[in-house]
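Undergrad: Take a look at the following structure, please.
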Amino acid sequence: ILRAYIENGRIPGAVVAIARKGKLVYFEALGFRDKVAGIPMSKDTILSIASMTKPLTAVAALMLYEENRLLVNDPVGKYLPQLDNMPVAIMDTDAHGKKKMGTEPVRRKPTLQDLLRHTAGITYGNRGDSELHKMYPQDSTNSADSFSGPEFLEKLGALPLHYQPGTVWDYSLGFDVLGLVIETVTKQRLGRFLEERLFKPVGMIDGAFMLSAEKAKRYARAFLTDPDTANRQTIRDPTQPRKFDCGGGGGFATASDYLRFAQMLLNRGVIDGTRILGRKTVEYMTADQLGPEVNIDALRDYPHINGYGFGLSVAVRRGSGVAGVMGSAGDYHWGGANGTFFWVDPKEELAVVFMAATPGAARFHYRQVITSLVLQAIAD
């Protein structure tokens with residue numbers, strides 16, 4: 001099925017890696033790493049994982065939580081005073097009946113938990129077309145290209161929150177802020193901390209926030225134009241550093257790198273005898289963190305996530321039914337804007353990574369396709 005998509009010019013190529021019951025059961029590279037240059041896809045191809053960086057950042061924060069260097073329930077402003085006094089935006093009506101944006105005080109300050117579950121009220125600017133959305137940084141990677149860390153915090157601190165903290169799930173800049181919390185606590189750049197504490201111990205050989213010229217030769221290239229919209233697709237040079245390591249979207253990895261990370265989570269915090277997180281910490285990370293007081297309408301904007309709640313960086317399935325894709329209660333996943341996707345199903349002892357350079361809305365289609373293809377193949 002994937003080869004048919006490649007032959008029909010829908011995707012340039014893909015790498016799929018699947019582990020079940022602790023064993024690698026499928027690992028294939030299909031199509032092209034660079035279709036224009038005629039370079040075939042290889043298993044060691046490096047891809048931009050975009051928002052699949054978020055679970056890496058979550059694990060980094062939870063390591064510090066285990067070490068009592070931060071608490072999940074701490075207010076963000078304890079670590080980043082620039083964000084300590086953000087009010088909440090409200091729409092007022094003036095004497096002439098014209099709507100204008102006003103503010104009200106926060107009922108409680110946003111916490112690190114809010115950053116981790118997208119309930120802090122610092123929604124991405126590209127998630128709407130309101131006056132406030134237009135004022136906000138549009139997304140993670142553009143923010144890291146446009147601002148230094150202090151400039152980013154100054155920009156956010158001058159704006160109101162979109163919602164009262166803890167009341168609405170909306171995809172957000174929370175992990176970019178969380179990355180800067182980690183830098184404040186560790187006195188290290190986020191990428192360096194992840195390299196020392198996560199990438200090397202887990203065996204994520206090519207995990208990074210920037211590629212060397214040599215490694216960039218293995219970087220997957222998207223089509224120059226989107227096959228569905230014919231819009232030109234910009235391919236950023238992966239060897240150029242960003243102004244700060246954005247915890248929400250700046251990472252690179254291979255399929256095998258990310259499968260090792262996913263297997264570590266499936267193993268409840270340990271891989272090859274090396275413990276990364278405690279068992280209870282992984283249980284906490286992958287538990288649904290959204291109670292009935294949280295409006296989750298925006299979570300349903302994603303076609304494969306209806307029926308899911310949200311943990312700390314990952315969508316968490318609430319039951320076997322409801323969702324438009326197969327799965328098990330308690331499975332969890334997330335993807336990246338450039339076409340990557342992973343999920344872990346503890347009930348089936350399954351970890352899956354799908355890597356493709358397919359930015360654009362079509363990525364949601366392939367996430368549903370790979371889910372059905374993998375799960376229908378289970379024969380025991």
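Undergrad: Where Rh is the Kirkwood radius over the Cα pairs of the chain, the temperature 4 °C and the viscosity 1.567 mPa s, what D in µm²/s does Stokes-Einstein return? Show your work: numbers first, answer last.
TA: Working: Rh = 21.1 Å.
Result for D is 61 µm²/s.
Undergrad: Follow-up. In square angstrom, rounded to the nearest 10, how much accessible surface does K23 have for a 1.4 Å probe?
TA: Counting only protein heavy atoms, K23 exposes about 140 Å² to solvent.
Undergrad: Going by a ≥ b ≥ c, the root eigenvalues of the Cα gyration tensor, does region 106-147 fall in the rounded group (a/c under 1.5), the prolate group (a/b larger than b/c) or the oblate group?
TA: Verdict is oblate for region 106-147.
Undergrad: Next up: Taking the Cα atoms of region 157-235, what is the range of coordinates along each of the three principal axes, in descending order and whole Å?
TA: Principal extents (Cα only, largest first): 43, 40, 23 Å.
Undergrad: List the residues of region 237-270 whose backbone N lies under 15 Å from a point placed 7 Å from the Cα of Q188 along the Cα-to-Cβ direction.
TA: Only 245 fall inside the zone, counting backbone N under 15 Å.
Undergrad: Counting only protein chains, not ligands or nucleic acids, how are T53, T167, T281 ordered by accessible area (probe 1.4 Å), most first?
TA: On the way: T53 0, T167 40, T281 20 Å².
Of T53, T167, T281, the descending order of accessible area is T167, T281, T53.
Undergrad: Which entries in the list K134/K243; K215/K347; K109/K200; K78/K243; K54/K134; K215/K280 go over 27 Å, if you measure between the two C-alpha atoms of each?
TA: K215/K347; K109/K200; K215/K280
Undergrad: Let me ask something additional. Give me the accessible area per residue for region 99-159, probe 1.4 Å, as a whole number in Å². Intermediate values should be presented prior to the final figure.
TA: Numbers: 2800 Å² over 61 residues.
That works out to 46 Å² for each residue.
Undergrad: How would R33, R197, R317, R218 rank on accessible area, largest to smallest, probe 1.4 Å?
TA: R197, R218, R33, R317
Undergrad: Given the options L47, L153, L116, which has the most mean-square fluctuation in a GNM of the chain, springs set between C-alpha atoms less than 10 angstrom apart?
TA: L153
Undergrad: Give the accessible surface of region 238-380 per residue, rounded to a whole number of Å², with probe radius 1.4 Å and ligands, DNA and RNA excluded.
TA: I get 35 Å² per residue for this part.
Undergrad: While we're here: Can you figure out the FRET efficiency of A377 with A287, using R₀ = 35 Å and their beta-carbon distance, to the nearest 0.05?
TA: About 0.80, to the nearest 0.05.
Undergrad: Still on this structure, I have one more. Can you list which of the GluC sites (Glu not before Pro) found in region 1-84 are DSSP loop residues with at most 15 other C-beta atoms within 10 Å?
TA: Passing both the DSSP loop test and the Cβ count: E67.
Undergrad: Next question. At 0.36 nm per residue, minus the direct Cα-Cα distance, what do R232 and A361 gain on full extension? Give it in nm, one decimal, please.
TA: 45.1 nm
Undergrad: Go ahead and set up a Gaussian network model of the chain, Cα springs under 10 Å, then flag whichever of P292, P105, P359 fluctuates most.
TA: P292
Undergrad: How much of the accessible area of the chain, in percent, comes from carbon and sulfur atoms when a 1.4 Å probe is used?
TA: Looking at the chain in its full context, I get 50 percent from C and S.
Undergrad: Related question: Roughly how many whole Å is it from the C-alpha centroid of region 307-356 to that of region 66-141?
TA: 27 Å
Undergrad: Moving to a separate point now. Is the shape of region 195-340 best called rounded, prolate or oblate, per the rule: a/c under 1.5 gives rounded, else a/b larger than b/c gives prolate, else oblate, with a ≥ b ≥ c the square roots of the Cα gyration tensor eigenvalues? Spell out each step's value before the answer.
TA: Values: a/c = 2.13, a/b = 1.20, b/c = 1.77.
It is oblate, given that a/c is not under 1.5 and a/b is not larger than b/c.
Undergrad: Tally Lys and Arg at +1 and Asp and Glu at -1 over the other residues with C-beta under 10 Å from the C-beta of L290: what net charge comes out?
TA: After counting each charged neighbour, the total is 0.
Undergrad: Once both labels are modelled 7 Å past Cα along the beta-carbon direction, what's the M135-E349 spacing in nm?
TA: Once both label points are built, they end up 5.4 nm from each other.
Undergrad: What is the distance in Å between the Cα centroid of region 18-61 and that of region 226-260?
TA: 12 Å
Undergrad: Limiting things to C-alpha atoms, what are the Rg and the maximum Cα-Cα separation (Dmax) for region 1-152, in angstroms?
TA: Rg and Dmax of region 1-152, Cα atoms, are 22.1, 68 Å.
Undergrad: Could you please report the charge total around F152, scoring K, R as +1 and D, E as -1 over all other residues with beta-carbon less than 15 angstrom from its beta-carbon?
TA: For residues surrounding F152, the net value is -3.
The values are calculated or read from the model by the stated rules, or taken from the named source; none is laboratory data. For clarity, every value in this text was computed on a predicted model and none was experimentally measured. Using ideal geometry, Cβ is built from the backbone for each residue, glycine included, and neighbour counts are taken over all protein chains shown. Keep in mind that these areas ignore ligands, DNA and RNA; they rest on the heavy atoms of the full protein, side chains included. Shrake-Rupley method; radii C 1.70, N 1.55, O 1.52, S 1.80 Å.
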